[in-house]
Amino acid sequence: MAIEETGATMSDPTGITILGTAGSVVDSPRLTTAQRLKIAGNNTGNLVFQYAVTRLLAPKKTYIPTATMPAFDADAVAGSRYLVFPAANHLRPGADWGNLNKLLRDVDLPLVILGLGAQAPSSNDPQAIDQILKDSQVRMLADIIRERAVLVTARGAFSAEVCTRLGIETEILGCPSLLINPDPTLGRQLAKALERLQESPRSLRVVMTAAAPFEIAKHAMRRDLEARFFQWTVDRDGLYVQQSGGEEIVALSAGAHRADTLQTAQAVRPIIYPEGTSERFIQHINSRHRIFWNAAEWIAAMRGADIAFGSRLHGNMAALAAGVPALFVPHDARTEELIDTMKLAYLKATDVPDSFERTINQVEFDGEAFDKNRAMLSVRFKQAMARIGVPVNTTGAG
């Protein structure tokens, strides 16, 4: 029941408790892959927006690792004013939020929920939305939020609409990871970099923000697109960055080359590298596959790239935080609404050309509009925090 603390005490009633990490899996080398994944919430993309929340909020902080839920140390959180929950796609059917719901009820603090999202294949799918609204775990979570939350921010218009139908008031602010980079001219810098890439797209340092292979294996369009992306990555000796997919997939990207991991590689190759040889696939795994257990290190690693691309939202957000252009390829309502809210560069999966060069040249990105929108979201974030008395660290975005 370890709770990582950075100073909140009984004498500091303005401290906050954050549900999650400070953006990293502490002592990662000493842990098994399963233990690391549990701390990261089974997706290392969570570390990116948890890192953002930690950087943005100024008060002293105590952390409740999600891996310990529903247990927590009541004495450790007693000096906090709020329980801050950096949320994800928690409004989705079929998830087991029993431990989460119990912890949110048991921690006797008002809730601040940041980046709450609903997940559905499409925002125009009434049946999928009805499944969310009728799910017992979602409804229980919504009951707690209505009772305890003093502030809820939503990822986009779709999530806000689902929240409204659940009786939850929200403010649409996208994802906190948008504000990691302090440069107020970030969008204009990204646009200039993209223009340079479009002038000479052949010899670029690329990063593929990879989908979980077994999750897309039965989705023909996503599988074919992922295979195309992977071929482009191999051709340019680029980085393949994984975030989730289960213990075997993560171990593969982490370089844990056991016999069972090599078996996993043989199962993955037909999904993402159907035209390539096993030897070349293993070679690329050994040298260019990555998974990051520390968001700051992840962002730093992205600074060596010219462009990132793929379907993973937070993998691409790590690139933007590093000042590197990223091409987002949305695959569901959750990623679509975040792209729309944050004015990110994207192509629909059906619009991605067959060649890397044509794809790069097809990307459109308005850097000035991005900067204006980001500054507006930053101001609204600070205003929302000010209303509940939580100071925010200054960022260049507003």
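State, to one decimal in nm, how far the label point of GLU195 lies from the label point of ASP108, with both points 7 Å from Cα in the Cβ direction.
Reported label-point gap for GLU195 and ASP108 is 6.0 nm.
Calculate, in nm to one decimal, what MET376 and ASP96 gain on full extension: separation in residues at 0.36 nm each, minus their alpha carbon distance.
97.3 nm
Using the basic label-point model (7 angstrom from Cα toward the beta carbon), what is the GLU275 to SER136 distance in nanometres?
A separation of 5.0 nm, rounded to one decimal place.
Work out the length of the dipole vector of the chain about its Cα centre, built from +1 on the beta-carbon of each Lys and Arg and -1 on the beta-carbon of each Asp and Glu, and round it to the nearest 20 debye.
Approximately 360 debye in magnitude.
Going by how many other beta carbons lie within 10 Å of each one, how would you line up MET208, MET385, MET221, fewest first?
Details: MET208 26, MET385 19, MET221 11.
The order, fewest Cβ neighbours first, is MET221, MET385, MET208.
Using only Cα atoms and rounding to the nearest 10 degrees, what angle (0 to 90) does helix 333-342 make with the longest principal axis of the chain?
80 degrees
I need to check one value: relative contact order of region 184-366, counting alpha carbon pairs closer than 8 Å and at least 6 residues apart, in percent.
25 percent
Which lysines have a Cα less than 28 Å from the Cα of LYS134, not counting those fewer than 8 places away in the same chain?
Straight-distance partners of LYS134: LYS38, LYS102, LYS218.
Given +1 on the Cβ of Lys and Arg, -1 on the Cβ of Asp and Glu, and no further charges, what dipole in debye does region 45-145 carry about its Cα centre, rounded to the nearest 20?
Once rounded to the nearest 20, the dipole reads 300 debye.
For Cα pairs less than 8 Å apart in space and 6+ apart in sequence, what is the mean separation divided by the residue count of the chain, i.e. the relative contact order in percent?
Values: 783 pairs, mean separation 76.8, N = 398.
About 19 percent, as a whole number.
What lysines sit close enough to LYS372 to cross-link, taking a C-alpha to C-alpha distance under 20 Å and skipping anything fewer than 8 places away on the same chain?
LYS192, LYS343, LYS382
Could you derive backbone 3J(HN,Hα) for region 319-330 from the dihedral phi with the Karplus parameters 6.51, -1.76 and 1.60 (θ = phi - 60°), listing whole Hz in sequence and x where the residue is Gly or Pro?
Each residue of region 319-330 in turn: 5, 4, 4, 8, x, 10, x, 9, 9, 8, 10, x Hz.
Sort the following peptides by mean Cβ neighbour count (other Cβ atoms within 10 Å, averaged over residues), highest first: 268-278, 315-325.
315-325, 268-278
What per residue convex hull volume, in Å³, comes out for region 184-366 when only alpha-carbon positions are used?
So the per-residue Cα hull volume is 112 Å³.
So who's got an amide H within less than 5 Å of the one on PHE328, skipping anything under 5 residues away but keeping other chains? H placed 1.01 Å off N, in plane.
Long-range HN contacts for PHE328: ALA345, TYR346, LEU347.
Let's test this: bin the Cα-Cα distances of region 55-186 at 5 Å from zero up to the farthest pair and state each bin's percent.
2, 10, 19, 22, 19, 14, 8, 4, 1, 0
Counting only C-alpha contacts under 8 Å and six or more residues apart, can you give the relative contact order of region 265-344 as a whole percent?
Relative CO of region 265-344 lands at 20 percent.
Run down the lysines and flag those whose C-alpha is under 18 Å from the C-alpha of LYS348, throwing out any fewer than 8 positions away in its chain.
Within the straight-line cut-off, LYS348 pairs with nothing.
Beyond 32 Å, how much of the Cα-Cα pair distribution for the chain remains, as a whole percent?
Details: 26050 of 79003 pairs.
Tail of P(r) above 32 Å: 33 percent of Cα pairs.
Throughout, read-outs are computed from the coordinates displayed, never taken from laboratory work. All values derive from a computational prediction rather than experimental measurement. Cβ: placed from backbone, ideal geometry, glycine included. Neighbour counts: every protein chain shown.
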